[in-house]
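Notes follow the structure.
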Amino acid sequence: MKTLAILVVGLLLACGEGAKAQSSQQLFNEAQRAYISGDVDGARQKFKTVIELDPANSSAQNYLRMINAQDKKDGSEQLEKQLKSLILAKVEFKDATFGSALEYLKQQAVKQSDGKIKVSFVVQLPADFADTQKVTLNLSNIPFIEALHYLCQLADVDYKVEKYAVIVKKKAEVPAPEASPAKTP
């Protein structure tokens, strides 16, 4: 009798796992259809549920990575588009520090857009760089993004527009080409 009870419990557990796998696969298929039809938020929720049911489901994990990457890209494109459309009447710096020039651009973005565009700068440079690097720039009627480009060019740094901030960092080092050994005939 004890053996029969153990068998019944084992069968019930096996059936439960089979139903779980089937519902996980059905939910995955629904999530794929939602993603393909453009319902990204619905797809995200369903893929998350699939992962809760089946944490090893690498396909669902990959879809979530794609969705998150697309969200990040869309956000940065939106901010960059706003910054390109924002025209600054006058940008004038004479021996200003790089940090104060960034702060000025930040304030102008808020002022010129009536508070609709708020730019945050994340400066990934040595601690004293923003306070010691001097810049001189005189521009008028220029898109914000172009003014930022010129400012960063003067300071010899790079910038990248992300979803929530503009990242300012040291220029990437370009490796020098290796000299090839002389060929002997």
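The values are calculated or read from the model by the stated rules, or taken from the named source; none is laboratory data. Fair warning: this is a prediction, and the values are worked out from it, not measured in the lab. When we count neighbours, we look across all protein chains shown, and the Cβ atoms used for this are built from the backbone with ideal geometry, even at glycine.
A few notes on this one:
- Restricting the range 135-159 to residues that are free of Cβ contacts under 8 Å to residues at least 24 places away in the same chain and in a strand (DSSP E or B), the residue that is surrounded by the most Cβ atoms within 10 Å (Cβ to Cβ): TYR159
Table: residues versus (1) surrounded by fewer than 18 Cβ atoms within 10 Å (Cβ to Cβ); (2) modelled with pLDDT of 90 or more; (3) more than 21 Å from ALA165 (Cα to Cα); (4) out of contact with any helix residue (DSSP H, G or I) (no Cβ under 6 Å at 6 or more places or on another chain).
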residue	(1), (2), (3), (4)
ASN62	yes, no, yes, yes
LEU86	no, yes, no, no
PHE93	no, yes, yes, no
SER100	yes, yes, no, yes
GLU103	yes, yes, no, yes
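- Residue match in the range 118-129 (condition: at negative phi, crowded, with 18+ Cβ neighbours inside 10 Å and in contact with a Ser or Thr (Cβ under 9 Å, 6 or more places away or on another chain)): no
- For the range 94-109, a residue qualifies if it is closer than 19 Å to ASP158 by Cα and without any contact (Cβ under 8 Å) to a residue 60 or more places away in the chain, and the qualifying residues are ALA96, THR97, PHE98, GLY99, SER100, ALA101, GLU103, TYR104, LEU105, LYS106.
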